[in-house]
Amino acid sequence: MSLSRLLSSLLDGSESDTESPSTPDGRSETPESTVLFECRDCGTNVSADTVRCPACNGDDIVRYSID
Ligand SMILES: [Zn+2]
């Protein structure tokens with residue numbers, strides 16, 4: 001139930017600052033492959049050093065490697 005409430009709040013756009021964290025110099029560290037970090041619970045994209053989702057406070061962060 002709490003997850004659906006969080007999703008609706010995200011879709012509402014009221015928390016736009018937590019949905020896309022600004023990391024200006026984070027991209028320069030990716031040499032060849034692109035690595036994405038995403039919250040498994042709510043699907044929010046997070047930065048590489050994020051251990052806890054800023055949107056739902058979950059610590060289940062998954063990593064995707066795109067060659
Ligand atoms: Zn989350």
Query raised in the report: When the residues of segment 51-61 are filtered to those that are farther than 17 Å from Ser9 by Cβ and part of a loop (DSSP other than H, G, I, E, B), which remaining residue is farthest from the ligand (Cβ to nearest atom)?
Result: Val51
Query - All positions within segment 31-49 that are under 8 Å from the mean Cα position of the chain (by Cα) and farther than 19 Å from Ser9 by Cβ - result: Phe37, Ser47
Report task. Would you mention how many residues in segment 32-50 are open to solvent by less than 80 Å² (accessible area, probe 1.4 Å), assigned to a loop (DSSP other than H, G, I, E, B) and out of contact with any Gly (no Cβ under 8 Å at 6 or more places or on another chain)? Result -> 4
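The values are calculated or read from the model by the stated rules, or taken from the named source; none is laboratory data. Remember, predicted model here, so these are calculated numbers, not experimental data. We place every Cβ from the backbone using ideal geometry, glycine too, and count neighbours over all the protein chains shown. Calculation scope for accessible area: heavy atoms of the full protein, side chains included, ligands and nucleic acids excluded. Shrake-Rupley method; radii C 1.70, N 1.55, O 1.52, S 1.80 Å.
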